[in-house]
Amino acid sequence: MHPTLNIAIKAARRAGQIINRASLDVERLTVGVKQQSDYVTEVDRAAEAAIIDTIREAYPKHAILAEETGSSGEENGSEYQWIIDPLDGTTNFIHGFPQYAVSIGLAHKGVMNQAVVYDPTRNELFTASKGGGAYLNDKRIRVSKRPKLAESLIGTGFPYRMFDHADAYLAIFRELTQKTAGLRRPGAASIDLAYVACGRTDGFWEFGLSPWDMAAGSLLITEAGGLVGDLAGETNYLVTGNIIAGNPKIFSQLLQVIQPHRTPKLTS
Ligand code: IPD
Ligand code: CA
Ligand code: CA
């Protein structure tokens, strides 16, 4: 295993311990509101601090982009950047709804290189290294082989904070409720992507995500034989925040349904 992946796993497990301990008494959490429907707790911050400590101890010169504390370390000019969501699915966590994860990705020269998505509620550790395949708890995973959209289970994320693209989203939602076997909105994008990677769902789409929601999950999918793209079908999703993913057949069928709903403000 690559040493950087080892560090990512160590960091994710430390954060997972903090999250699991706090989940025993969610009533006691102090919840802050960053903006409408965007919550943060002391658990998000403590988990992020533990992750960053673990990474900094091993790789003091690497750059870091983390949800709660932002960017650091660019001044060292490293080719490596860690992209961290310490607790993806905070709204679920606050409600005691057991669907949330720690997401840690490492990019090298802007290309995803290592990935960990850790679901501490189920002790499920999803990992991937570029060129080395994707794994769930050490077992190789692959995207599903389901060829038809009509038989597919598709994950998504509802607009909940920014409603600029709500009409386009709802039109796509309407069409896909009729053209798929079912849609799911579990509430943690990193796990949604991990589930595409291991074939629990056949595809996924969401608009307005942040890089830390997608960095690790996207590498899990490509290493599991799937495709990930933005609304133009290109690979700029970490920048645009709009993502479509799936096994290769479902990816192109999703793209076909979604693309006609693009607007001048929602092109890629
Ligand atoms: C959120 C979750 C959610 C997605 C949101 C994200 P957070 O992350 O991934 O599924 O719909 O867009 O912001 O804020 O809980 O880390
Ligand atoms: Ca997130
Ligand atoms: Ca988060």
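The values are calculated or read from the model by the stated rules, or taken from the named source; none is laboratory data. These figures come from a predicted structure and were not determined experimentally. Every residue, glycine among them, receives a Cβ derived from its backbone with ideal geometry; neighbour counts consider all protein chains shown. For accessibility, only protein heavy atoms count, side chains too; no ligands or nucleic acids. Shrake-Rupley method; radii C 1.70, N 1.55, O 1.52, S 1.80 Å.
For the range 4-13, the count of residues that are surrounded by fewer than 15 Cβ atoms within 10 Å (Cβ to Cβ), within 16 Å of ligand 3 (Cβ to nearest atom) and assigned to a helix (DSSP H, G or I) is zero. For the range 111-120, the criterion of being within 16 Å of ligand 2 (Cβ to nearest atom), outside the structural domain of Tyr237 (by TED's automatic domain parsing) and among the acidic types (Asp, Glu) is satisfied by at least one residue.
Restricted to the range 64-129, the set of strands (runs of 3 or more DSSP E) holding at least 1 residues that are acidic (Asp, Glu) and more than 13 Å from the chain's Cα centre (by Cα) comprises 124-129. Across the range 35-63, what is the total count of residues that are in a loop (DSSP other than H, G, I, E, B) and under 20 Å from Pro211 (Cα atoms)? The total comes to 3. Where helices (runs of 4 or more DSSP H) fall entirely within the range 163-231, those with at least 2 residues that are polar (S, T, N, Q) are at 166-179, 211-223.
Residue pairs whose Cβ atoms lie under 8 Å apart, sitting 6 or more positions apart in sequence or on different chains, and linking a residue in the range 207-229 that is without any contact (Cβ under 8 Å) to a residue 24 or more places away in the chain to a partner that is acidic (Asp, Glu) and surrounded by fewer than 23 Cβ atoms within 10 Å (Cβ to Cβ), do not occur here. Considered as a group, the residues in the range 137-158 that are assigned to a loop (DSSP other than H, G, I, E, B) and farther than 18 Å from Leu254 by Cα include one that is nearest to ligand 2 (Cβ to nearest atom), and that residue is Asn137. When Gly89, Gly32, Gly105 are screened for being open to solvent by less than 40 Å² (accessible area, probe 1.4 Å), within 16 Å of ligand 2 (Cβ to nearest atom) and either more than 17 Å from Trp212 (Cα to Cα) or not assigned by TED's automatic domain parsing to the domain that holds Arg122 (or both), only Gly32 passes.
Table: residues versus (1) hydrophobic (A, V, I, L, M, F, W, C); (2) over 16 Å from His261 (Cα atoms).
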{"site": "Ala134", "(1), (2)": "yes, yes"}
{"site": "Val143", "(1), (2)": "yes, yes"}
{"site": "Leu153", "(1), (2)": "yes, yes"}
{"site": "Arg174", "(1), (2)": "no, no"}
{"site": "Ala181", "(1), (2)": "yes, yes"}
{"site": "Pro186", "(1), (2)": "no, yes"}
{"site": "Pro211", "(1), (2)": "no, yes"}
{"site": "Ile250", "(1), (2)": "yes, yes"}
